[in-house]
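**Student:** Quick one: the structure is below, and I'll ask about it shortly.
The values are calculated or read from the model by the stated rules, or taken from the named source; none is laboratory data. Please read these numbers as outputs of a predicted model, since none were measured by experiment. Every residue, glycine as well, gets a Cβ built from its backbone with ideal geometry; the counts of neighbours run over all protein chains shown.
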Number of protein chains: 2
Amino acid sequence: MSEVTGLSHVAIAVPDIATAATALERKFGIKAGPVHENTAQGVRLAYIDLGNARIELISPLSPDSPVAKFLEKNPAGGLHHVCFNVGDLDAALAVAIGAGARQAGKSGNNVHGDRIAFLNPREVLGVLVELEEKGVGSRE
Amino acid sequence: MSEVTGLSHVAIAVPDIATAATALERKFGIKAGPVHENTAQGVRLAYIDLGNARIELISPLSPDSPVAKFLEKNPAGGLHHVCFNVGDLDAALAVAIGAGARQAGKSGNNVHGDRIAFLNPREVLGVLVELEEKGVGSRE
């Protein structure tokens with residue numbers, strides 16, 4: 001039985017969130033919400049709600065953040081990760097890891113209070129996958 | 001006013017669709033549908049419906065396909081593009097191009113009969129963006 005209940009968001013790493021948000025608004029008429037900081041993950045971020053799912057814009061808070069390293073290789077920005085909604089983070093992680101995935105870092109919480117974890121791209125088709133268990137009443 | 005009405009899919013380029021589908025099913029319990037070929041785009045593809053949006057798995061039909069070039073740089077696979085739903089493809093393209101985007105190739109149709117077009121990553125945060133106008137009665 002699937003633990004994945006939907007596609008939460010696609011993350012785009014960008015050098016500057018305000019500049020990126022303006023570019024996307026002018027080209028596609030889509031609007032980013034307020035900018036948050038997640039110091040535990042070393043990122044600044046903003047969401048664009050597309051109705052059924054979201055775009056997450058992320059930029060590094062410091063030069064040693066993994067997102068900073070991504071931008072060194074992709075200075076203009078680029079697709080950074082995809083996030084699946086799951087009903088139960090621990091159960092979903094157990095299934096994925098049982099099938100050969102490896103967790104990147106530790107499970108934590110995002111700016112909405114959701115529980116999240118990342119899986120190393122090496123074992124998942126070269127894709128950094130985030131799993132997100134919605135916190136009760138956490139969504140803005 | 002926004003022309004974008006939702007997030008259609010996130011595409012993952014993979015060397016082999018059947019192998020990738022099995023890996024995603026074992027790790028996340030998500031299942032790919034039948035494999036299609038789009039000879040105009042030079043790709044083989046399959047969709048994983050996550051309820052609110054889809055994952056598209058794509059692999060090259062020939063060594064000179066742009067997806068083959070992507071896989072030369074990313075042999076294990078990787079996030080390839082993101083696709084937005086739009087109400088009117090021509091109107092959405094006009095807005096995006098008016099704001100500095102450039103179309104990659106020509107507008108065409110996907111395997112579902114939707115009208116689609118791609119925008120060059122260079123002008124869109126390093127991200128290959130597909131726009132998709134749903135064909136009437138086209139979805140399987």
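**Student:** Would you tally the residues in region A:76-90 being more than 8 Å from chain B (Cβ to nearest Cβ) and out of contact with any strand residue (DSSP E or B) (no Cβ under 9 Å at 6 or more places or on another chain)?
**Tutor:** Here the count works out to 0.
**Student:** In region B:38-63, how many are closer than 21 Å to B:Ser107 by Cα, at pLDDT below 95 and out of contact with any Ser or Thr (no Cβ under 9 Å at 6 or more places or on another chain)?
**Tutor:** Of the residues in that region, 4 qualify.
**Student:** Cβ-Cβ distance below 7 Å, separation of 6 or more or different chains: which pairs start in region B:72-100 with a residue that is more than 26 Å from A:His81 (Cα to Cα) and end on one that is at pLDDT 95 or above and assigned to a loop (DSSP other than H, G, I, E, B)?
**Tutor:** Sorted first by the residue in region B:72-100, then by its partner, the pairs are B:Val95/A:Gly29.
**Student:** Still on this structure, I have one more. When B:Glu132 is evaluated against the numbered criteria (1) surrounded by 17 or more Cβ atoms within 10 Å (Cβ to Cβ); (2) within 12 Å of chain A (Cβ to nearest Cβ); (3) closer than 21 Å to A:His9 by Cα, which criterion, by number, is the only one it fails?
**Tutor:** Among (1) surrounded by 17 or more Cβ atoms within 10 Å (Cβ to Cβ); (2) within 12 Å of chain A (Cβ to nearest Cβ); (3) closer than 21 Å to A:His9 by Cα, the lone unmet condition for B:Glu132 is (2).
**Student:** Out of all the residues in region A:93-116, which are within 13 Å of chain B (Cβ to nearest Cβ), more than 17 Å from B:Ala76 (Cβ to Cβ) and either under 17 Å from the mean Cα position of the chain (by Cα) or assigned to a loop (DSSP other than H, G, I, E, B) (or both)?
**Tutor:** If the condition is that a residue be within 13 Å of chain B (Cβ to nearest Cβ), more than 17 Å from B:Ala76 (Cβ to Cβ) and either under 17 Å from the mean Cα position of the chain (by Cα) or assigned to a loop (DSSP other than H, G, I, E, B) (or both), then A:Leu93, A:Gln103 are the ones that fit.
**Student:** Moving on to the next point. Considering region A:61-75 alone, what residues qualify as being within 12 Å of chain B (Cβ to nearest Cβ), part of a loop (DSSP other than H, G, I, E, B) and loosely packed, with under 14 Cβ neighbours inside 10 Å?
**Tutor:** A:Pro75 - this is the single residue of region A:61-75 that is within 12 Å of chain B (Cβ to nearest Cβ), part of a loop (DSSP other than H, G, I, E, B) and loosely packed, with under 14 Cβ neighbours inside 10 Å.
**Student:** Report whether or not B:Ile58 is outside any loop (DSSP other than H, G, I, E, B), touching a helix residue (DSSP H, G or I) at 6+ places or on another chain (Cβ under 7 Å) and touching a residue at least 40 places away in the same chain (Cβ under 8 Å).
**Tutor:** For B:Ile58, the condition - outside any loop (DSSP other than H, G, I, E, B), touching a helix residue (DSSP H, G or I) at 6+ places or on another chain (Cβ under 7 Å) and touching a residue at least 40 places away in the same chain (Cβ under 8 Å) - is met.
**Student:** Could you grab me the full set of residues in region A:96-127 that are loosely packed, with under 15 Cβ neighbours inside 10 Å, at pLDDT 95 or above and on the phi > 0 side of the Ramachandran plot?
**Tutor:** If the condition is that a residue be loosely packed, with under 15 Cβ neighbours inside 10 Å, at pLDDT 95 or above and on the phi > 0 side of the Ramachandran plot, then A:Gly100 is the only one that fits.
**Student:** OK, next. Can you confirm whether A:Asp16 is over 17 Å from the mean Cα position of the chain (by Cα), of a type outside the set (Gly, Ala, Ser) and over 21 Å from A:Glu133 (Cα atoms)?
**Tutor:** no
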